[in-house]
Amino acid sequence: MPRTLVTGGAGFLGSHLCEYLLKKGHEVIAMDNLLTGNIANIEHLQSEQFKFIKYDVTQYIYIAGEIDYVLHFASPASPLDYLQLPIQTLKVGALGTHKALGLALSKKATFLLASTSEIYGDPLIHPQHEDYWGHVNPVGPRGVYDEAKRFAEAITMAYHRYHHVDTKIVRIFNTYGPRMRPNDGRAIPTFVPQALKNEPITVFGDGSQTRSFCYVDDLVEGIYRLLVSDINDPVNIGNPQEMTIKQMAETVIRLTDSKSNIVFQDLPEDDPKIRQPDITRAKKLLDWEPKVDFEEGLSKTIAWFKTLDTGNYA
Ligand code: UDP
């Protein structure tokens with residue numbers, strides 16, 4: 001049975017990954033300092049094969065026994081979170097990645113870094129393929145996340161080239177699904193509760209900026225295929241189905257049968273105008289492509305938000 005560490009294991013993506021890996025027969029250790037993660041995300045996973053350790057991975061990580069895989073998913077990940085937690089975001093991307101790589105080296109484990117489409121910044125080419133170097137403002141408010149992840153990619157490649165660690169880098173594009181935090185400030189977990197309460201939907205700017213949203217189950221499947229592959233170059237995982245944020249808000253209103261109207265608010269600084277993954281590499285090398293259509297995934301997400309006691313997340 002492979003033994004696997006997931007940092008950020010109590011977060012949105014981390015918890016879905018833990019669940020998937022348990023189903024694949026792994027013994028899983030989830031590590032999280034619960035800064036933006038939530039223990040409620042992993043309560044249902046408790047078993048002999050699953051262990052949770054509350055820990056800040058910017059500190060030296062000690063784990064007894066063998067580890068086969070290290071998946072580094074710890075980080076604040078929404079623009080609002082990393083605006084409010086700039087130093088922690090930089091530390092977990094830089095120091096945390098260093099510690100997680102050090103653990104992988106000492107255990108001779110395969111290492112997978114959760115990177116992001118944010119490393120492309122406000123892109124000048126469209127769609128974004130892995131060979132594009134990006135267009136990032138290092139000193140803007142999003143720089144703390146973008147540059148931490150760019151450093152994380154660089155140190156991951158250094159451990160691969162210098163220490164010969166088997167490393168993987170997944171560049172994750174906008175992902176949605178159950179267990180997103182309603183107050184994390186991202187578009188979908190903001191719009192769905194607003195629509196369910198018939199409150200105004202807060203679209204930033206004129207809503208013409210685009211994003212391409214991937215359902216979490218598709219994402220996790222792609223990450224797993226990358227983990228067990230022999231690929232060391234970065235791979236985009238995301239859904240190329242691109243839409244404007246206004247279109248997305250209208251879809252949320254329609255699927256929730258809401259009486260909400262759309263209100264337009266100021267666009268945050270450095271908000272990327274367009275984003276769409278080029279997934280040619282994932283298709284070719286991993287035989288992966290997303291299967292869940294946006295309305296299907298959004299319906300499942302809405303159903304989950306309806307069951308939520310938002311008090312847990314305040
Ligand atoms: N957005 C919005 N209203 C909100 C939250 C976000 O219009 O209440 C916009 C945001 O400006 C961006 C897009 O939705 O253009 C996606 O934002 P999100 O925070 O989900 O992720 P990002 O792709 O910017 O990291």
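The values are calculated or read from the model by the stated rules, or taken from the named source; none is laboratory data. Because the structure is predicted, anything quoted here is derived from the model rather than measured. Every residue, glycine as well, gets a Cβ built from its backbone with ideal geometry; the counts of neighbours run over all protein chains shown. Just the protein is used for accessible areas: all its heavy atoms, side chains included, with ligands, DNA and RNA removed. Shrake-Rupley method; radii C 1.70, N 1.55, O 1.52, S 1.80 Å.
So which of Glu48, Glu19, Glu27 ends up being within 16 Å of the chain's Cα centre (by Cα), open to solvent by 30 Å² or more (accessible area, probe 1.4 Å) and more than 27 Å from Asp146 (Cα to Cα)?
Glu19
Name the pairs: first residue in region 181-196 and free of Cβ contacts under 8 Å to residues at least 40 places away in the same chain, second residue more than 7 Å from the ligand (Cβ to nearest atom) and open to solvent by 20 Å² or more (accessible area, probe 1.4 Å), Cβ to Cβ under 8 Å, at least 6 apart or on different chains?
Here the result reads Thr190/Pro182, each pair linking region 181-196 to a residue that is more than 7 Å from the ligand (Cβ to nearest atom) and open to solvent by 20 Å² or more (accessible area, probe 1.4 Å).
Could you check, for region 168-186, whether at least one of its residues is aliphatic (A, V, I, L, M), assigned to a strand (DSSP E or B) and within 21 Å of Ile262 (Cα to Cα)?
no
Whether any residue in region 188-199 is in a strand (DSSP E or B) and crowded, with 17+ Cβ neighbours inside 10 Å is what I want to check.
no
Select the strands (runs of 3 or more DSSP E) contained entirely in region 215-314, then report the ones holding at least 3 residues which are within 30 Å of Thr4 (Cα to Cα).
235-237
Going by the conditions given, is Arg150 of a type outside the set (Ser, Thr, Tyr), in a helix (DSSP H, G or I) and within 16 Å of the ligand (Cβ to nearest atom)?
yes
What tally of residues in region 187-231 results from selecting those that are more than 12 Å from the ligand (Cβ to nearest atom) and of a type in the set (Lys, Arg)?
Adding up the residues that qualify gives 2.
Residues to consider are Ser212, Ser299; find the one that is in contact with an Asp or Glu (Cβ under 6 Å, 6 or more places away or on another chain) and closer than 20 Å to Met180 by Cβ.
Ser212
With the structure loaded, tell me whether Gly96 is more than 16 Å from the ligand (Cβ to nearest atom), touching a residue at least 12 places away in the same chain (Cβ under 8 Å), in a helix (DSSP H, G or I) and within 14 Å of Ser115 (Cα to Cα) or whether it fails that test.
Yes: the conditions hold for Gly96.
Can you pull out every residue in region 121-133 that is without any contact (Cβ under 8 Å) to a residue 60 or more places away in the chain and closer than 17 Å to Thr210 by Cβ?
Scanning region 121-133 gives Leu124, Ile125, Tyr132.
Answer yes or no as to whether Asn239 is within 17 Å of the chain's Cα centre (by Cα) and more than 11 Å from the ligand (Cβ to nearest atom).
In short, yes.
Check off (1) assigned to a helix (DSSP H, G or I); (2) open to solvent by 40 Å² or more (accessible area, probe 1.4 Å) for Thr89 and give me the number that stays unchecked.
Of the numbered conditions (1) assigned to a helix (DSSP H, G or I); (2) open to solvent by 40 Å² or more (accessible area, probe 1.4 Å), the odd one out for Thr89 is (2).
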